[in-house]
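As structure tokens, the structure follows; a few thoughts come after it.
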Amino acid sequence: MLTLTAIADDPLVLTHRLALEGGPEVVFRPLARADAERLAGFLEGLSPESRRFSTHDGHDLAAAGRLCDAIARYDKLRLVLEEAPAGRIVGLLEFSLDLHPADLVRYQEAGIGLAATDCRFGPTLADDYQGKGVGTQIFPLIADVARRLGRKRIILWGGVLADNPRAIRYYEKNGFRPVRSFIGADGTRSLDMLLDLDQLPEQ
């Protein structure tokens, strides 16, 4: 089973190159400490709507620096999609290996007990990469990462906003099932969804 330290020591264990349908070749790889400026460019380039749908606490160089500084220090694994050979970051894919107490409560109320073999996941794509099937093309790699981290199920990081039907369709297409809706601390309605990795074919 992979650990966050092992991934930081050898990022190639989770690095893949793939050609997108009708698009450029991209590299799927762990975030690196040297990525701060390029990651800041990605975050700063997100539209207001994409920022609203994301879980990031900032969209500037300081925020990017915090994400890069956190590599192998906490419970998070962050991967990026990078255009090759341009080096532009066009996607940020985040795993949290610890479960938030609020998640535990909500799922328990829905009759589902979360466990240490579950993880949280949240993706963000650059605006010009959205709606083109990119998320579905890379999802087998995402599922493989979770399995290699010893996880059996994936829940959504903070749920998915109920007024984001495109994201809900994406998750359903890739095997997630709705669990329950809830009202967040900011008053917005979101939907919890869960994926059982045993229900997906091995790649």
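The values are calculated or read from the model by the stated rules, or taken from the named source; none is laboratory data. The model shown is predicted, which means the values in this text are computed figures rather than measured ones. As a convention, Cβ positions derive from the backbone with ideal geometry for all residues, glycine included, and neighbour counts pool all protein chains shown. Heads up: the accessible areas ignore ligands, DNA and RNA and are worked out on the full protein's heavy atoms, side chains in. Shrake-Rupley method; radii C 1.70, N 1.55, O 1.52, S 1.80 Å.
For Val179, enumerate residues with amide H under 5 Å from its amide H, sequence gap 5+ or separate chain, H modeled in the peptide plane.
It is Asp192, Met193, Leu194, by chain and number.
Counting only protein heavy atoms and a 1.4 Å probe, tell me what percentage of region 31-173's accessible area is made up of carbon and sulfur.
Carbon and sulfur together cover 53 percent of it.
Using just the helices of the chain, give the 222 nm mean residue ellipticity in deg cm²/dmol: DSSP H runs with n ≥ 4 each add -39,500 (n - 2.57), and the total is spread over all residues, rounded to 500.
Rounded to the nearest 500, the figure is -9000 deg cm²/dmol.
So what J values fall out for region 33-41 if you push phi through Karplus, 6.51 cos²θ - 1.76 cosθ + 1.60 with θ = phi - 60°, rounded to Hz, Gly and Pro as x?
5, 7, 8, 3, 5, 5, 5, 4, x
Accessible area of Glu109, 1.4 Å probe, to the nearest 10 Å²?
Here the residue's solvent-accessible area equals roughly 120 Å².
Give the accessible surface of region 60-203 per residue, rounded to a whole number of Å², with probe radius 1.4 Å and ligands, DNA and RNA excluded.
Here the residues of region 60-203 average 46 Å² of exposed surface.
Write down the percent of antiparallel bridges among all DSSP beta bridges whose residues are both part of the chain, to the nearest 5.
Among the beta bridges of the chain, antiparallel pairing accounts for roughly 90 percent.
Provide the net charge surrounding Leu125, with neighbours chosen by a C-beta distance below 13 Å and charges set as Lys +1, Arg +1, Asp -1, Glu -1.
-2
Distance in nm between label sites at Lys132 and Ala8, each 7 Å beyond Cα in the beta-carbon direction?
3.3 nm
Choose one answer from Asp35, Asp128, Asp163: the residue with the largest mean-square fluctuation in a GNM of the chain with alpha-carbon springs under 10 Å.
Asp128
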